[in-house]
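J.: Structure below; questions to follow.
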Amino acid sequence: VHTFKEACVTVYPSTVQHDIVWVWPNADPQYKDIIMKKKPPYIPVLDDPSFSGPMGNREFPFGYEVLIENLMDPAHLPYAHYGLIFNPTPKVKVDREGGSPLGMKVEKLDINGFNGKQDWGCSYFIAPCIYHAFIDVDQQNGSAISETEKSNRRLCLVFMCIPVSPGKSRFIWSFPKNFGVWIDKIVPRWMFHIGQNLILDSDLYLLHVQEHKIMELEATNWQEACFVPTKSDAFVVGFRRWLNKYGGGTVDWKGKFSGALPPSPPREQLMD
């Protein structure tokens, strides 16, 4: 069969890690053994038997940049997801939705991403597609902790954001934790599916419209379109700094797409 010209396929270097297929999107012979030199980012908690957390995935009608910004922005949770996410009572005065000031800062930003610190733990942006955070559930004093420090109960957020096309992205997520692991063994997967997607649905239309409004401004750079003055904007600003300095400011579609967003369908169709 291989002698027929019609029977042909491009072979890309690939591997399986964390039950996910990772692909090096270049079939040049020089990259045949790239997996021996450059492995996918490894997140230990996803293979740690003491942690449990189902994994989910979904595609969205907005781009990779908007998706990853949203996941790096915990300040929006009490508002966009009001009543859907439990927020512990903060130590400072809050507004009626439960929002409060968030101290966040970016450290060690380079081509590989950046480290972030906030009041409730520490975060990492592993360029270009992974953002994950470690939360010490028992932490009381508000000081940042590192992944290597010992803690009783740990909750991790693992977000993988994949560009698909202009105005479209794929999201893979997991929330590994080392407490209440029995819950994931007895609660049906469909309940996890419904709960997580209910939260994601409450962001979907907001982010779709946001991306189109930013494009309509025809700003020469992101800073002209967005006002981000608070400490809780630190990670979003850090991501944009990385994207502009090391990623060319936007996804390089290699001529496959013009970069223009597809038409915006009615809200009911987006939510279907």
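The values are calculated or read from the model by the stated rules, or taken from the named source; none is laboratory data. None of the values given here were measured: they were computed from a predicted structure. All Cβ positions, glycine included, derive from the backbone under ideal geometry; neighbour counts span all protein chains shown. When the accessible area is computed, the model is the full protein with side chains, heavy atoms only, and any ligands, DNA or RNA have been set aside. Shrake-Rupley method; radii C 1.70, N 1.55, O 1.52, S 1.80 Å.
J.: Quick one: angle between helix 234-246 and the longest Cα principal axis of the chain, in degrees between 0 and 90, rounded to 10, please.
T.: In the chain, helix 234-246 runs at an angle near 20 degrees to the longest axis.
J.: Which FRET efficiency value, to the nearest 0.05, do you get for Lys38 and Ser258 by plugging their Cβ-Cβ distance into 1/(1 + (r/R0)^6) with R0 = 35 Å?
T.: That gives a FRET efficiency of 0.70.
J.: Hey, another quick one. Say each of Ile111 and Val187 gets a label point 7 Å from the Cα, pointing the same way as Cα to Cβ; how far apart are those two points in nm?
T.: Label at Ile111, label at Val187, 4.2 nm between them.
J.: Can you give the translational diffusion coefficient of the range 49-270 in µm²/s, computed by Stokes-Einstein from the Kirkwood radius over Cα pairs at 25 °C and 0.890 mPa s?
T.: 131
J.: Distance check, please: which entries in Lys93/Lys177; Lys117/Lys245; Lys117/Lys177; Lys38/Lys168 exceed 23 angstrom between their Cα atoms?
T.: Long pairs (Cα-Cα over 23 Å): Lys93/Lys177; Lys38/Lys168.
J.: Looking at the range 13-60, which chymotrypsin sites (Phe, Trp or Tyr not before Pro) are in a loop (DSSP not H, G, I, E or B) and have at most 10 other Cβ atoms within 10 Å?
T.: Tyr42
J.: Keeping the other protein chains in place, figure out the carbon and sulfur percent of the accessible area of the range 1-40, with a 1.4 Å probe.
T.: Answer for the range 1-40 is 58 percent, counting heavy atoms of protein chains only.
J.: Between His76 and Asn244, what FRET efficiency comes out of the Förster formula 1/(1 + (r/R0)^6) with R0 = 25 Å and r the beta carbon distance, rounded to 0.05?
T.: 0.65
J.: Starting at 0 and stepping by 10 Å, how many percent of the alpha carbon pairs of the range 1-40 end up in each bin?
T.: All Cα pairs considered, the percentages come to 27, 40, 25, 8.
J.: Next up: If I compute solvent accessible area with a 1.4 Å probe over the protein chains, what percent of it on the range 49-270 is carbon and sulfur?
T.: Taking all protein chains in place, the range 49-270 shows 57 percent carbon and sulfur surface.
J.: Under the 0.36 nm per residue contour assumption, what length would be gained going from the current alpha-carbon distance of Gln196 and Met55 to full extension?
T.: That pair, Gln196 and Met55, stretches by 49.7 nm at full extension.
J.: Here is a further query. Per-residue ellipticity at 222 nm for the chain, helices alone: DSSP H runs ≥ 4 residues times -39500 (n - 2.57), over residue total, nearest 500 deg cm²/dmol?
T.: -7500 deg cm²/dmol
J.: Mind giving me the nanometre distance, one decimal, between the label points for Val94 and Ile126, set 7 Å out from Cα along Cα→Cβ?
T.: Each label point lies 7 Å from its Cα, and together they span 3.1 nm.
J.: Same structure, new question: Run the numbers for Ala219 and Thr15: contour at 0.36 nm per residue of separation, minus the present Cα-Cα distance, in nm.
T.: 69.5 nm
J.: Follow-up question, since we're still on this one. Percent of Cα-Cα pairs more than 21 Å apart in the range 157-272, please.
T.: So the portion of pairs separated by more than 21 Å is 54 percent.
J.: With a 1.4 Å probe and every protein chain left in place, work out the accessible area per residue of the chain in Å², rounded to a whole number.
T.: 62
J.: Give me the angle, in degrees from 0 to 90, between the Cα long axis of helix 189-217 and the longest principal axis of the Cα atoms of the chain, rounded to the nearest 10.
T.: 80
J.: Using a Förster distance of 45 angstrom, determine the FRET efficiency expected from the C-beta separation of Val209 and Thr3, and round it to 0.05.
T.: The calculated FRET efficiency here is 0.25.
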